[in-house]
Amino acid sequence: MNGKSWTIFIIIVIAVIGGMVYLSTQNKLNIDDIDDNAMARFIDAEERNGNIADHTLGNKDAKVVLIEYGDYQCPGCSTAAPKAKAVAEKYSDDMVLIFRNFPISNSHPNARAAAAVAESAAFQGKFWEMHDMIYANQDSWSQASASDRTNVFLGYARELKLNEEQLKKDLSEPRITKKINFDVALGRKQGVSATPSFYLNGKPVEATNDADYLETAVKEELKKAGVKIEDKESAEK
């Protein structure tokens, strides 16, 4: 290749790389306007999340907010998720649990598909039911092929009495991709690098050897908010 040919080749390469950089910049999800305080609270439906609001359990106007970033194929998440739900249900009047998707696809190739199924079930009012079923039966689909996992998920839809055809149609909804990408962007901005990750009123909850570490952390935050924990615990006995 002579000097002139090399020059043309280099120009073409620079143009291609420049185009790729431009496209990646254009497609980048910009959440710069969402600050730490906003991320730590309920986020309503908007264009960037496909007009799909945060999924909540409890009182979304409560002062105590527990945010869970979860990957449906993550074994640790399948253990932690029911505990988080139990805490949210126990203190439902005074706190809210928010679930956000954080599929780590390079190690969990079926995680994003599972997230899409849960989001699709939400269109039929069964987000938490599908969320629970996917986690509870993780071993049944986590290593499955694309076609096999779809059959498994459709089986869950039947169990939950969902409209299967509608679910299959909704799975290809661009809104769902936007929602998952939005959740991941929030997680990265908040500092998530692994799952499960929990944030309580904006601060990370460190896992301990205490099986009830989530409830312990929540109770401390509820006390700070003036909630009388002792009265609630006495009422349960």
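The values are calculated or read from the model by the stated rules, or taken from the named source; none is laboratory data. Worth saying up front: this structure is predicted, and the values here are computed from it rather than measured. Positions of Cβ are backbone-derived with ideal geometry, glycine not excepted, and every protein chain shown enters the neighbour counts. When the accessible area is computed, the model is the full protein with side chains, heavy atoms only, and any ligands, DNA or RNA have been set aside. Shrake-Rupley method; radii C 1.70, N 1.55, O 1.52, S 1.80 Å.
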Given a 1.4 Å probe, the accessible area of region 109-237 per residue, as a whole number of Å², is 53 Å²
Rounded to the nearest Å, the spacing of the alpha-carbon centers of region 91-110 and region 149-166 is 21 Å
Tilt, helix 146-159 to longest principal axis of the chain (alpha-carbon atoms), in degrees rounded to tens, equals 30 degrees
Note on the chain: contact order normalised by length, alpha-carbon pairs under 8 Å, 6 or more apart, percent, works out to 26 percent
Hits in region 78-106: amide N under 14 Å from the 7 Å Cα→Cβ extension of K60, namely 96-100
One checks the Cα atoms of the chain and finds Rg and Dmax, in Å, of 21.2, 87
Carbon/sulfur accessible area of region 153-208, % of total, 1.4 Å probe, equals 48 percent
Filtered pair list for region 136-217 (Lys only, Cα < 28 Å, 8 or more apart or interchain) has a length of 12
So Q143 and E89, fully extended at 0.36 nm per residue minus their Cα-Cα distance, gain in nm 16.3 nm
Given 10 °C, 1.306 mPa s and a Kirkwood radius over Cα pairs, the Stokes-Einstein diffusion coefficient of region 102-177 in µm²/s is 130 µm²/s
With the label point 7 Å along the Cα-to-beta-carbon line of A45 and a cut-off under 15 Å to each amide N, the hits in region 95-131 are 119-127
